[in-house]
Structure formats: structure tokens, C-alpha cells
Amino acid sequence: MTHEALTRAANLIADADALLVTAGAGMGVDSGLPDFRGNDGFWNAYPALGRARMAFTTVASPQTFREDPQLAWGFYGHRLALYRATVPHAGFELLRAWGGRLEHGLGVFTSNVDGQFQRAGFDPRRIVECHGSIHHLQCMTPCTDAIWPADAFQPQVDADACRLANAPPRCPHCGRLARPNILMFGDGEWLEHRSEAQQERLLRWLADARRPVVVELGAGTAIPSVRHFGQRVVHGGGRLVRINPREPEVASVRDCGIAMGALAGLRAIDALLHPRAG
Ligand SMILES: [Zn+2]
């Protein structure tokens with residue numbers, strides 16, 4: 001069954017004129033990035049938060065930035081440094097190669113805030129980061145709608161305590177605390193105009209695609225925004241290849257679900273797209 005599904009996936013990709021990659025947290029696992037699924041996974045990655053019994057939904061909130069900025073920035077500063085140092089796995093390059101051969105090219109819609117598609121060399125004008133980007137900052141208040149790159153901020157984190165050891169970034173306009181331009185939990189202050197502009201640009205690109213195929217990677221049902229966007233494209237006449245080790249089911253027999261991790265699934269499809277390439 002798996003081989004049949006992989007063959008159908010390869011055919012869907014070969015017959016498309018545009019490739020839309022939609023990706024959730026499962027895409028990063030093969031690059032060695034932690035999966036925050038459940039408290040256990042989260043606390044394995046951040047033992048200090050485990051000792052404090054602090055859930056992901058608590059630390060990832062504007063309230064924690066207000067009450068304990070060194071802790072909140074200890075968590076996000078650690079992640080920022082981790083994502084800056086991470087080398088995207090080989091599956092990113094396979095997707096770039098597939099998209100590069102299609103007449104209308106390649107686009108990305110992701111809930112990941114890690115910037116890995118940009119690091120892997122994808123065209124930043126065709127990437128939507130629907131939950132924002134850790135590589136960008138905004139004012140906590142916010143005093144203006146400014147969003148600026150985090151490049152100048154070099155976090156020094158005491159990982160054992162999950163606390164920022166140096167000064168947190170400041171808003172250049174009012175001098176108050178700055179935070180990542182990421183949609184957090186219980187977040188009424190996230191500035192979403194950067195993400196909205198990305199989405200408008202991607203929809204303009206998609207409007208000219210005649211036979212788009214969506215390749216969805218590691219996007220579960222728990223955070224549905226990635227699946228919803230892919231579904232829009234499918235309703236508009238596109239096709240779907242879903243690669244997900246836990247939730248591979250697809251609604252239509254025209255589409256294709258593959259119960260594999262992201263990198264393994266991409267490699268298996270690639271072997272069928274290029275049977276003689278070895
Ligand atoms: Zn400000």
C-alpha cells in the first residue's frame with residue numbers, strides 16, 4: 001500500500017505546474033529540532049520548565065513576558081540561537097529541486113516560526129509564516145506597528161535555568177521591552193501585518209497556477225491553520241499529498257496520504273521521480 005501511495009504522490013507532483021509546500025512542526029524534527037507535542041516532549045527539551053511544571057502554553061504568552069521577561073526571553077532566546085544554528089535537513093533541497101522543475105514554481109505556507117525555509121534558500125517572497133517569525137521583533141505594547149529583524153540581538157541564555165543572562169531587546173521607539181513577532185497563547189498584541197502581506201503575495205502567485213499540488217508535511221490536526229490553507233487550494237482544483245507519520249488520512253480518493261516522517265517520505269517520493277538517479 002505504501003508503494004502505491006508513493007507512486008501516486010510522485011505522479012501528482014510530476015503532473016502539477018506549481019508546488020505549494022505546507023508545513024507544520026513535524027517538518028523540523030528531521031533537522032533535530034524539538035517537537036513541543038505534549039508536556040513531556042516540551043519538558044524534555046526544556047528541563048528547567050519541567051521542574052517548574054510550566055507548560056508551553058504558559059511560557060509562550062505575553063503574560064510571561066510581562067511578569068518574568070528574563071524567563072520568557074530565556075525560552076525564546078534559546079530557540080532563536082538554536083534556529084540560527086540549525087542546518088535544514090535534505091528534504092528542503094528535494095522540495096526546491098521539484099519546485100524548480102515546474103512551470104509555475106514553488107511556494108510555502110508554514111506555521112513554523114523557525115525561518116528554516118529561508119535558511120534552506122527558498123524565495124522569501126513566496127513564503128507565508130502564518131504564526132510569525134522568531135527572527136523578527138515587535139514592541140510589547142505595541143507603541144507602533146513596527147516589525148524589525150532580530151539580527152542585532154545575540155541572546156546569552158543560562159540553559160539550566162532557562163533564563164536570559166544579558167539584556168533583552170528593547171523597542172527602538174519607546175524603549176520598552178521587545179518580544180518576538182510570533183502569535184503566542186492568549187496573545188492580543190501580535191502584529192500580524194507582516195504575515196498578512198506574505199499571504200496576499202502568495203495568493204496572487206497561486207491565482208496563476210493551473211494545476212497546483214500541495215505537499216503537506218508534519219502538520220497535524222491540533223493546529224489546523226496549515227491544513228486549512230492547503231484545503232483552500234484543493235477546493236480550488238489542486239491536489240494534496242499529505243506526509244504525516246501519525247495522521248496521514250486524506251478526505252478524497254484523488255489525494256494521497258503517506259504515513260512517514262517528512263524526510264523519509266520526501267526521499268521515497270524522490271526515488272520514484274528519478275528512478276535512475278540512485
Ligand atoms: Zn514601543
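Return the residues of segment 70-86 that are open to solvent by 40 Å² or more (accessible area, probe 1.4 Å) and either touching a residue at least 60 places away in the same chain (Cβ under 8 Å) or within 13 Å of MET27 (Cα to Cα) (or both); say none if nothing qualifies.
Let us first name the residues in segment 70-86 that are open to solvent by 40 Å² or more (accessible area, probe 1.4 Å), namely 70, 78, 81-82, 84-85.
Those that are open to solvent by 40 Å² or more (accessible area, probe 1.4 Å) and either touching a residue at least 60 places away in the same chain (Cβ under 8 Å) or within 13 Å of MET27 (Cα to Cα) (or both): GLN70, HIS78, ALA81.
Which residues, counting only those in segment 116-144, are open to solvent by less than 20 Å² (accessible area, probe 1.4 Å), over 17 Å from the mean Cα position of the chain (by Cα) and among the polar types (S, T, N, Q)?
Matches in segment 116-144: GLN138 only.
Could you list, in sequence order, the residues of segment 177-202 that are open to solvent by 40 Å² or more (accessible area, probe 1.4 Å) and of a type in the set (A, V, I, L, M, F, W, C)? Break it down stepwise before answering.
First, the residues of segment 177-202 that are open to solvent by 40 Å² or more (accessible area, probe 1.4 Å): 183, 185-186, 188-189, 192-194, 196-197, 199-201.
Matches in segment 177-202: LEU183, PHE185, ALA197.
Would segment 145-152 turn up any residue that is within 16 Å of the ligand (Cβ to nearest atom), touching a residue at least 24 places away in the same chain (Cβ under 8 Å) and more than 21 Å from the chain's Cα centre (by Cα)?
Among the residues of segment 145-152, at least one is within 16 Å of the ligand (Cβ to nearest atom), touching a residue at least 24 places away in the same chain (Cβ under 8 Å) and more than 21 Å from the chain's Cα centre (by Cα), which makes the answer yes.
Would you say ARG211 is out of contact with any Ser or Thr (no Cβ under 6 Å at 6 or more places or on another chain), within 19 Å of VAL59 (Cβ to Cβ), touching a residue at least 12 places away in the same chain (Cβ under 8 Å) and among the basic types (Lys, Arg)?
Working: out of contact with any Ser or Thr (no Cβ under 6 Å at 6 or more places or on another chain): yes; within 19 Å of VAL59 (Cβ to Cβ): no; touching a residue at least 12 places away in the same chain (Cβ under 8 Å): yes; among the basic types (Lys, Arg): yes.
Criteria not met by ARG211.
Which residues, counting only those in segment 38-69, are over 25 Å from LEU137 (Cα atoms) and either in a strand (DSSP E or B) or open to solvent by 60 Å² or more (accessible area, probe 1.4 Å) (or both)?
Across segment 38-69, the qualifying residues are ASN39, ASP40, ASN44, PRO47, ARG51, ALA52, ARG53.
Being out of contact with any Cys (no Cβ under 7 Å at 6 or more places or on another chain), within 16 Å of the ligand (Cβ to nearest atom) and at pLDDT 95 or above is the requirement here; does PRO172 meet it? Break it down into steps so the answer makes sense when it comes.
On the way: out of contact with any Cys (no Cβ under 7 Å at 6 or more places or on another chain): yes; within 16 Å of the ligand (Cβ to nearest atom): yes; at pLDDT 95 or above: yes.
Yes, satisfied.
Quick one: HIS104 ticks every box in (1) free of Cβ contacts under 8 Å to residues at least 60 places away in the same chain; (2) assigned to a loop (DSSP other than H, G, I, E, B) bar one, so which box is it?
Among (1) free of Cβ contacts under 8 Å to residues at least 60 places away in the same chain; (2) assigned to a loop (DSSP other than H, G, I, E, B), HIS104 violates only (1).
Among (1) at pLDDT 95 or above; (2) surrounded by fewer than 15 Cβ atoms within 10 Å (Cβ to Cβ); (3) away from the ligand (no atom under 16 Å from the Cβ), which single condition is VAL113 missing?
(2)
Cβ-Cβ below 6 Å, separation at least six or inter-chain, first residue in segment 164-179 and without any contact (Cβ under 8 Å) to a residue 12 or more places away in the chain, second open to solvent by less than 50 Å² (accessible area, probe 1.4 Å) and near the ligand (Cβ under 8 Å from one of its atoms): which pairs?
Note: pairs meeting the criteria are ARG170/ALA178.
Taking into account only those residues within segment 87-110 that are more than 30 Å from ARG176 (Cβ to Cβ) and touching an Asp or Glu at 6+ places or on another chain (Cβ under 7 Å), which is surrounded by the fewest Cβ atoms within 10 Å (Cβ to Cβ)? Before you say what the answer is, go through the steps one by one.
Keep residues of segment 87-110 that are more than 30 Å from ARG176 (Cβ to Cβ), which gives 87-109.
Restricting the remaining residues to those that are touching an Asp or Glu at 6+ places or on another chain (Cβ under 7 Å) gives 89, 91, 94, 102-104.
Details: HIS89: 20, GLY91: 24, LEU94: 17, LEU102: 19, GLU103: 10, HIS104: 17.
Filtering first and then ranking leaves GLU103.
Any idea which of ARG254, ARG276 is at pLDDT below 95, in contact with a strand residue (DSSP E or B) (Cβ under 8 Å, 6 or more places away or on another chain) and open to solvent by 50 Å² or more (accessible area, probe 1.4 Å)? Explain how you work it out, then say what you get.
Details: ARG276 fails: in contact with a strand residue (DSSP E or B) (Cβ under 8 Å, 6 or more places away or on another chain).
Unique residue meeting the criteria: ARG254.
What are the residue pairs meeting all of these: first residue in segment 130-144, first residue on the phi > 0 side of the Ramachandran plot, second residue more than 6 Å from the ligand (Cβ to nearest atom) and part of a strand (DSSP E or B), Cβ atoms under 8 Å, and 6 or more apart or on different chains?
Listed by first residue and then by second, the contacts come to GLY132/PRO180; GLY132/ASN181; GLY132/ILE182.
Hey, does segment 160-167 have a residue that's farther than 22 Å from THR64 by Cα, more than 16 Å from the ligand (Cβ to nearest atom), open to solvent by 10 Å² or more (accessible area, probe 1.4 Å) and out of contact with any strand residue (DSSP E or B) (no Cβ under 7 Å at 6 or more places or on another chain)? Talk me through it step by step, then tell me what you get.
From segment 160-167, those farther than 22 Å from THR64 by Cα are none; that's our starting set.
No.
The values are calculated or read from the model by the stated rules, or taken from the named source; none is laboratory data. Every value quoted in this text rests on a predicted model; they were computed, and no experiment measured them. When we count neighbours, we look across all protein chains shown, and the Cβ atoms used for this are built from the backbone with ideal geometry, even at glycine. Protein only, heavy atoms only, side chains kept; ligands, DNA and RNA dropped before computing areas. Shrake-Rupley method; radii C 1.70, N 1.55, O 1.52, S 1.80 Å.
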